[in-house]
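Accompanying notes for the structure given below.
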Amino acid sequence: MKANKINGTEWMGHLVMKINLCPRVGIIRMRVLLLRYMAMIAATCCLLLCVACGMSNAEPAGSPPRIALITPAGTGELAEAIRLGAEAAAKEAGAELITVEAFPSEGLTYAPSNPDFTAGQGKVKQEHLQNGTYLLSEREQAQVDAVSLAMEQGASALLIDPLSEKALSDIIQKAQTKDANGVIIPVILLNDEFPVKGITSVISIDNVEAGRQAGQAMAVLMGGRGRVALLGPDPVNPVLINREQGVEESLAQYPDIHVEAQSVCSTRDACWQAAKQLLDEQQVDGLIALQEPASLGAADELNRRTSENNGNKVKIVGFGSEQQQLEQLQEGRIQHLIVQNGFSAGYLGVNQAVARLNNQQVQARVTLETKLVSTDNMFWMDNQKLLFPFVQ
Amino acid sequence: MRPFAGWIRSLWLKFRSRLRSSRVSSIRFIITWSFSVFIVLVLTIMALLLHDKFTQAAERSAELTTRQIVDQVSYNLEDYVRSMSHLYRAIEEHMLRDGTWEGDQVDKQLDTLLSSREDIISITLLDSTGHLLKNRPSAELKPSAHVTQQGWFQSALRVPDHLSFSLPHIQNMYTGPYKWVVSMSKGITVRQNGQDRQVILLVDINFKQMDELSRRVSLGQRGYVYIIDESAGNIVYHPQQQLMYMGLKSENIEQALVATGSYEDEADGQKRLNAVKSVANIGWKIVGVAYLDEIMTTRQEVNGYLIRVLLVVLVLVILVSLFLSSSLTRPIRRMERKMKAVERGDFNVELPIEGPLEVERLSRRFNLMVYKIRTLMNEIIHEQEQKRRLELEALQAQINPHFLYNTLNSVVRMVGMSRNEEVITMITSLSRLFRISLSQGKTIITVREELEHAHHYLTIQQMRFKRKFNFSMKADEDTLDCLTLKLVLQPLIENAIVHGIEYHMDEGCIEIRVYREDDKLVFRITDNGVGMTEEQLSKLLMGSPVVKSGAGSGVAVRNVHDRIQLYYGELYGLEFESELEEGTTVWIRIPIQSEREEDDAHESE
């Protein structure tokens, strides 16, 4: 056995000697292998880094929600203020605001002579009682079409001041059924209240409260006694119904104030005629004009009477903050205006829409404050900012 | 406490054994994870450092940018205000040069000025009671405007001969749209008809210009610029003035009023960077607001990017280290499989020589080892076979029928000659001879027995050859109990008799001597026979038969030599020395082994 062991060792030594020749080959092979690995790793690195870079570039930082404002969303300067407010909110929230025009304002019978006077748009709403180029049904349709257009443009929320209950229900139906992704497009109502289901949020003033403010102001103006007439109520429009109700509520507290007749009218001229008729027939101490054209019509009538025989002191309390109304207010023809802030309406409307899109809590109703502005305080700094929202 | 500790301990042991048996302790796992953890750690530290540095730089540059923008706005406004002041002075000069403002000349000049600057809305000259003296473009002054109560009128009266700028306000003196204006007014004393008369010159400039100047400024996505009146803190311009009025927004004006340079504040839970700059001449202060979270957005982007890179690198590192470790462990596993095969007895395996250098070397060694084992196995098999064959041959040599026949013939002859004494001796020797030959199948016997065997053999031969030779045996006392391979002497004695003595004329003499030589046991067989030639000697150990004739042949001698070498190694064996007509000497060398040792060796086997 021992002999074998010795044998083996020698034999191994022999082989070891042989092996010593091999490492060079091994090193070369190793180097080739290493190079191959490194190349592979480098290639993979590059690829993955490219992918990473691509990812970072391609990754959208969350495309901004697109919110559509269907114009005209209100009347005149109010509409412009709403648009500005909506823009401000959209900028702040990082959203995109698109405005879709339901029907061109140029096509209307009343075209403002001065582009700065946008009060003409106020006529739109009441036009169906007159012989306008657009019938109500056409304008309703136009508004519904505008909603479709906005949705085609990828709007994920709608801000609208609908023309009528019918238009609104059509719009809501459209917003709730049209969407393919199973997401209902929130509809936010501005300055109007219609008893239609499916509205996400209503941004509006409290019209009853506004009416109360107007009634209260009138009562103070008349010293708590006299006769008051309402100009321009509308038994169909819920806004005006609420205002009327508010006025009546507040005046009911004054036993010496009698609420006289109501004159239904909806344009400046019609209201002028109505006021004229009213003042001719009765002794009236105060006029509460429930809508913008009514207050202008009443002011026109009073101007006429003032130029004919001085001393006719009929007080006017109106709603709105149109340019011409403000002029009448400055002249003292209109004593008080109940003013709402369109900018806030637009701002809050977009805020609500964004909140809804981000699945945050949404207030079903946002009530905007109204402010009573008089001839004396209309040029106070704060009121200037409220009444004249735009730099011209 | 104690059982609890024991329980913990057993749990730990269990865990460790689980760890050992699982893949956690494998090279692959160790390499992969240590590699990954290390690289990710390094990268994370680097990313953190980088991120910190980057953020600081971004913040600094954001602050700088904000300040620069605010400065720019302020320069622009100052510029505008200055140019308006110049304009005012020009109007003043044109209008009141001769103490009179009547005349077409003045109108014309004013109209030129008005038409050159579209941002001048109106030029109005009033007396100190608020009566209109002249205005351009001429229009009726509304009584409802109450000019004497307006701010610009009062400040002009309060500080005569000082041009004052009003806050932006609505101009309500003329019919037409209400416009936002900044009023420049100054109370001027005019000498007219020898009498000093104080008039107030009002120039209304459209605020739109300043509004746009400020509106166009963008500081990031949501940042903005607002302007406050330094004396009272009224807001001159704010992009969200409406919201502030409605109470939906508020601005930290107090801080802006006292601040210089820049400061940070917080509004609606968002940190903002404010840069403040006063505008000379007009007493306004511009405040630039930048939202820090927008600066942080870049930080977040960097964060996101770094995290993505980190993830990618992590994946990459894991892949690479998996690849690396598998490239290391694969040959090891292959080796393991091959070793298992060897374990099962399959020596015909071979590892491919490839992979990293170390693995390659290892594979080579393994292959060598397996090869060696394989050869050893073959050798052992071969040796065993040879051993068996040689022993058989030795046995055959022992019970050589020729020898037996001759011996028995001699016995018969002796019986015929009635030499009973000799017959007894011969038969006894023969029987003893066979007993030792067989010796219970052992291959190793003591020297004493071997010598006895030789003695009996020699006795029988001596009788056969009619005392043609003498023999002597002498062994050192300490060699007798040593062990030796069985039957190594007999073939050599036979050889000596058959080849050396049989054909010799003189009386032969065979001498056997056993002694120690260093650590070797030596048997020396000397005869005085015919001897051998060099050629014969050399052939003897080559295995070829020396003489074809005769009973014995060289094969037997060769057999002894082989057996010794096979059993004890190549250092041992036979050595011959011979001279023709003088005789031959054979040395048998084997290692010294005592009986005890041999027993141990057998036991250990």
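Side notes on the structure shown:
- Matching entry among B:SER144, B:SER164, B:SER183 (being open to solvent by less than 10 Å² (accessible area, probe 1.4 Å) and either within 60 Å of the chain's Cα centre (by Cα) or hydroxyl-bearing (Ser, Thr, Tyr) (or both)): B:SER183
- Enumeration of residues in the stretch A:335-367 that are open to solvent by 30 Å² or more (accessible area, probe 1.4 Å) and of a type in the set (Val, Ile, Thr): A:VAL362, A:THR367
- Residue match in the stretch B:86-94 (condition: buried (at least 16 other Cβ atoms within 10 Å of the Cβ) and under 19 Å from B:LYS208 (Cα atoms)): yes
- Qualifying helices (runs of 4 or more DSSP H) (wholly inside the stretch B:372-487; at least 2 residues being out of contact with any Asp or Glu (no Cβ under 9 Å at 6 or more places or on another chain) and open to solvent by 80 Å² or more (accessible area, probe 1.4 Å)): B:401-416, B:420-438
A quick yes/no check of all residues on (1) among the hydrophobic types (A, V, I, L, M, F, W, C); (2) open to solvent by 20 Å² or more (accessible area, probe 1.4 Å); (3) out of contact with any Ser or Thr (no Cβ under 9 Å at 6 or more places or on another chain); (4) in a helix (DSSP H, G or I):
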| position | (1), (2), (3), (4) |
| --- | --- |
| B:ARG67 | no, yes, no, yes |
| B:ARG82 | no, yes, yes, yes |
| B:GLU102 | no, yes, yes, no |
| B:LEU110 | yes, no, yes, yes |
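- Annotation note: Cβ proximity below 6 Å between a residue of the stretch A:273-291 that is at positive phi and among the small types (Gly, Ala, Ser) and a residue that is buried (at least 16 other Cβ atoms within 10 Å of the Cβ) and assigned to a strand (DSSP E or B) (sequence gap 6+ or interchain) occurs for no pair.
- Scanning the stretch B:512-533 for residues that are closer than 13 Å to B:LEU451 by Cβ and crowded, with 16+ Cβ neighbours inside 10 Å turns up B:ILE512, B:ARG513, B:VAL514, B:LEU521, B:PHE523, B:ARG524, B:ILE525.
- Positions within the stretch B:117-141 being assigned to a loop (DSSP other than H, G, I, E, B), within 14 Å of chain A (Cβ to nearest Cβ) and open to solvent by less than 20 Å² (accessible area, probe 1.4 Å), in sequence order: B:ASP119
- Any hit, the stretch A:356-378, residues being under 20 Å from B:GLN150 (Cα atoms), within 13 Å of chain B (Cβ to nearest Cβ) and touching an Asp or Glu at 6+ places or on another chain (Cβ under 9 Å): yes
- The residues of the stretch B:214-229 that are assigned to a loop (DSSP other than H, G, I, E, B) and open to solvent by 70 Å² or more (accessible area, probe 1.4 Å), listed by number, are B:ARG216, B:SER218, B:GLN221.
- Residue ID - farthest from A:GLN282 (Cα to Cα), chosen from residues in the stretch A:225-256 that are assigned to a strand (DSSP E or B) and open to solvent by 10 Å² or more (accessible area, probe 1.4 Å): A:GLY226
- Among the candidates B:ASN274, B:ASN303, the residue that is of a type in the set (S, T, N, Q) and open to solvent by 20 Å² or more (accessible area, probe 1.4 Å) is uniquely B:ASN303.
- Single match in B:LEU376, B:LEU362 (criterion: out of contact with any Lys or Arg (no Cβ under 7 Å at 6 or more places or on another chain) and either more than 14 Å from every other protein chain (Cβ to nearest Cβ) or at pLDDT 85 or above (or both)): B:LEU376
- Scan of the stretch B:297-345 for residues that are more than 12 Å from chain A (Cβ to nearest Cβ), farther than 27 Å from B:SER34 by Cα and touching a residue at least 12 places away in the same chain (Cβ under 8 Å), ordered by number: B:ARG299, B:LYS338, B:MET339, B:VAL342
The values are calculated or read from the model by the stated rules, or taken from the named source; none is laboratory data. Values in this document were obtained by computation on a predicted structure and should not be read as measured data. Glycine gets a Cβ as well: all are built from the backbone with ideal geometry, and neighbour counts include every protein chain shown. Calculation scope for accessible area: heavy atoms of the full protein, side chains included, ligands and nucleic acids excluded. Shrake-Rupley method; radii C 1.70, N 1.55, O 1.52, S 1.80 Å.
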